[in-house]
Structures are given as structure tokens and as C-alpha cells.
Amino acid sequence: MAAALDLPRSVLLALWLTASGEPDLVVPAVQADDEPHGVDADGETLTLRDWLTWLGGPVDEVAVVLPVPGEPVAAPPAVSHDAVLSGECVLLRAGTRTVAAVPHVERFGSAYEPGHLVTWRAVPVPDWRTAVWAQIGTLEDAERDLRRGLLTATEALVSLGVDRWRPDAADEIADVRDGALPERRLPRGVEGQRLRVLSSAARLRGIVALATQDDGGAINTWQADQRATALREVDRVARRAMAAAATYLTRG
């Protein structure tokens, strides 16, 4: 059975914020099986529904950043540290307001019955659009780099024997390779190119996650390091593409 590809909460929120600000649609799509999300805004704790009501409908512009330690972060300084720790951040402009929101996730339960408590930290920030344009670029650029990066990284990984997966991972790999985005969590009307890029990037990140669980076919430290470097590059390209697919900015 093909896997449902995973999308970060910030990506889902960004997609919905541009498609609809209607809380009855946005909240269940973003929360899914999480406990009800809270939002810490200016020291006040709101429900996600109340915060969306405060925003007042679809936003004018939105962007997602998916940073990791050691890379430049397009998020404003006020939230950059939290964004790196969380691995994600959504930036939005609604009228004259420019806001950054970072989800903090607390996991509980077991591997078989996991649960998540999610609190978004939402803060007013300076205009973030120039920094985002410089780092994320256009969707067309991201899709082209995704294809090129996949080809380059695949050649590198194959040359290092990464195809020698442990036997119990074969089914997981096939599930991710054939996986699909969870349609019930996506707003209607997302254009084909964005869906294509989101699917490819999510699939690639899923494979990277599986690949990093062991050292593949590497037989020495040098090969293991080279393989890890190639996987980081694959993930970087996939994160950039996913962020670009969830970003809606007006030009000019």
C-alpha cells in the first residue's frame, strides 16, 4: 500500500492561507490527528481557529522556509533560531501586518500510538519578502533544480552502493516511491505545477529519511561521509523546492 507523503505543518498552513482563510476548512486540514493547535501571539494563547479569525481571511502573500543548522535562514532574526530548531516556519503578509509563525511540536505516546501537541509562536516581524526571494527563488527554478539535483545525487548514491538497502526497508522504500499527497488535507485549486513539485519533493525527502537510517553500502568512513554529503544535498534541494511550492509572492 503506497504511503501518504508527509508535508510539514507550515507548508499545509501556507497552502490553506492563500486558498481560504475559513477556519472550518483550515483547522482540520492543518491539525489532522494532532491535539488542537494553540497559537502564542504577543503573550496571549489562542486556538488556531481564533488566530485565523484574527487574520481575517486569505492572506496577501505567504512563504515557507524549511531551515536546518548550518544553512542561511530566510526567516527574520526574531524567529530564525526557533525556525531552525523546528525545521520550519511560515511567513505571511495580511494587509499591513507581516507575521512569522513557528510550530513547536511536543511528541507523546508510543511509536504505535503517537500524539503531538503543537503550539505556534506567532510574532510581528519586518518585511521578509526580499530575503525569501533571494533564498527560495521561483517555482520554475526550484523544479529545474529538483530534477537536476535528483539526477546528480542519484548517480552519486548509486556509485556508493546505496542501493544495497537492508531487506526490511524494501517495502518502506517502495511505499514512499509510489506515495501520494494526502488529498483531504490539501485545498482545492492548487495548480498542477505546485502539486507536482510538492509530490516530488515530499517523495524525495521520504527516501532520504529512510536512507539515513543506516550507512547503505558504504564500506569505510570516507564512503559513509560522501554518501551523507550526497543525501544532505538531495534534502536541501527537496526542501527548497517544497518551500517554493508553498510560497505565493507577488512580483515587482
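The values are calculated or read from the model by the stated rules, or taken from the named source; none is laboratory data. These numbers come from a predicted model, not from an experiment. Ideal geometry is used to build each Cβ from the backbone, glycine not excepted, and the neighbour counts take in all protein chains shown. The area values use the complete protein model at the heavy-atom level, side chains included, leaving out ligands, DNA and RNA. Shrake-Rupley method; radii C 1.70, N 1.55, O 1.52, S 1.80 Å.
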| Pick from the range 173-198, criterion surrounded by 17 or more Cβ atoms within 10 Å (Cβ to Cβ) and of a type outside the set (A, V, I, L, M, F, W, C), ranking: modelled with the highest pLDDT | R194
| request: Tally the residues that are part of a helix (DSSP H, G or I), farther than 21 Å from R236 by Cβ and in contact (Cβ under 8 Å) with a residue 24 or more places away in the chain, restricting the search to the range 175-194. | output: 3
| request: Could you grab me the full set of residues in the range 98-117 that are outside any loop (DSSP other than H, G, I, E, B), open to solvent by 40 Å² or more (accessible area, probe 1.4 Å) and over 20 Å from T45 (Cα atoms)? | output: F108, G109, P114
| note | Of (1) open to solvent by 10 Å² or more (accessible area, probe 1.4 Å); (2) under 23 Å from V132 (Cα atoms); (3) of a type in the set (D, E, K, R), D40 satisfies every one except (2)
| field | Residue selected from the range 18-37 under the condition within 23 Å of P124 (Cα to Cα) and aliphatic (A, V, I, L, M), by the criterion most open to solvent (accessible area, probe 1.4 Å) | value | A19
| request: Determine whether the range 36-59 contains at least one residue that is at pLDDT 95 or above and under 17 Å from the mean Cα position of the chain (by Cα). | output: no
| task | Go through D6, D50, D34 for me and flag whichever is charged (D, E, K, R) and in contact with a helix residue (DSSP H, G or I) (Cβ under 7 Å, 6 or more places away or on another chain). | result | D6
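Rundown of residues vs (1) in contact with a helix residue (DSSP H, G or I) (Cβ under 9 Å, 6 or more places away or on another chain); (2) among the hydrophobic types (A, V, I, L, M, F, W, C); (3) within 29 Å of V234 (Cβ to Cβ), yes/no style:
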residue	(1), (2), (3)
P58	yes, no, no
P69	yes, no, yes
A75	yes, yes, yes
G109	no, no, no
P114	no, no, yes
W128	no, yes, yes
W133	no, yes, yes
| message | Can you find a residue that is in a strand (DSSP E or B), of a type outside the set (D, E, K, R) and without any contact (Cβ under 8 Å) to a residue 40 or more places away in the chain anywhere in the range 88-97? | response | yes
| request: Can you tell me which residue within the range 1-17, out of those that are open to solvent by 40 Å² or more (accessible area, probe 1.4 Å) and in contact with a Pro (Cβ under 7 Å, 6 or more places away or on another chain), is modelled with the highest pLDDT? | output: R9
| Which of the residues belonging to the range 44-78 are touching a Leu at 6+ places or on another chain (Cβ under 9 Å) and under 12 Å from V123 (Cα atoms)? | A75, P76
| request: Determine whether T45 is in a strand (DSSP E or B), open to solvent by less than 40 Å² (accessible area, probe 1.4 Å), within 20 Å of G21 (Cα to Cα) and β-branched (V, I, T). | output: no
| For the range 51-78, how many residues meet the condition of being open to solvent by less than 80 Å² (accessible area, probe 1.4 Å) and assigned to a helix (DSSP H, G or I)? | 4
| message | Looking at L85, L92 in this structure, which one is open to solvent by less than 60 Å² (accessible area, probe 1.4 Å) and modelled with pLDDT of 90 or more? | response | L92
